Structure formats: structure tokens, C-alpha cells
Amino acid sequence: MRDLSGLIQELRELAQQATATADALERLQNLRYETKWTVDVEEAAQLLGIDKNTVYEYCRQKQIPHIKLGKRILIPTLALMKWLEQGVA
């Protein structure tokens, strides 16, 4: 059985993750009203609040919806929002 302090710490970490996900989702929802249909890897990383190498890895593993045009990776904004809402981030 875990001690109480361990459970409290775990709850704090989960709350931080939930806050980060909510913040990223809010940024994406705000972007929805702009004219941009896609974002590149760097923009997606900024929106999600993660490193761009992590976005590349998610794309490589086919975890994040994306379109490859030659060497360029584009991520549809609406698909990114749906992906994030599903909690796969």
C-alpha cells in the first residue's frame, strides 16, 4: 500500500499534466479560428508545449496525425485538436 505522501505527489503530477493538456487544447482551439489549416512540427511543438523532437517522434510512430510532403511534415490543426481531446498526448 502506498503511503499518503506518495499518493499526494502522484495527484499533483496528474494535476500538472491535466493543466498542461488543457492549456495546449485552449491554444489549439484559439488557433481554430485563424485561417491556418495546418501547422508544421515547430508550430505544433509550441502549441503543445513540448519539444519539437517529441513531435517528430510522435509522427514517426504514427501517433499524431500528419501529412508528409516530401521531407516536410504538416499537421492538420483540426486533427491535432481531436488527437489532443482524445487524451493520446
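Only the coordinates and a few stated rules stand behind these numbers; no lab work does. What you see is a predicted model, and the numbers here were worked out from it, not measured in a lab. All Cβ positions, glycine included, derive from the backbone under ideal geometry; neighbour counts span all protein chains shown.
Show me the GluC sites (Glu not before Pro) within region 24-75 that DSSP assigns to loop and that have at most 11 other Cβ atoms within 10 Å of their Cβ. The partial results should precede the final answer.
Details: sites: Glu26, Glu34, Glu42, Glu43, Glu57; in loops: Glu34.
Answer in residue order: Glu34.
Within 10 Å, at most 12 other Cβ atoms, and a DSSP state outside H, G, I, E, B define an exposed site. Report the longest part of the chain free of exposed trypsin sites (Lys or Arg not before Pro). Could the numbers behind the result be given before it?
Values: sites that count: Arg2, Lys36, Lys62, Lys71.
Maximal segment without exposed cleavage sites: 3-35.
Report relative contact order for the chain in percent, whole number only (criteria: Cα-Cα under 8 Å, sequence separation at least 6).
Numbers: 73 pairs, mean separation 26.0, N = 89.
Dividing the mean separation by the residue count of the chain yields 29 percent.
For the chain, what number results from the quotient of the Cα radius of gyration and 2.2 N^0.38 Å? Walk me through the numbers on the way to the answer.
Details: Rg = 15.3 Å, N = 89, 2.2 N^0.38 = 12.1 Å.
After normalising by residue count via 2.2 N^0.38 Å, the value is 1.26.
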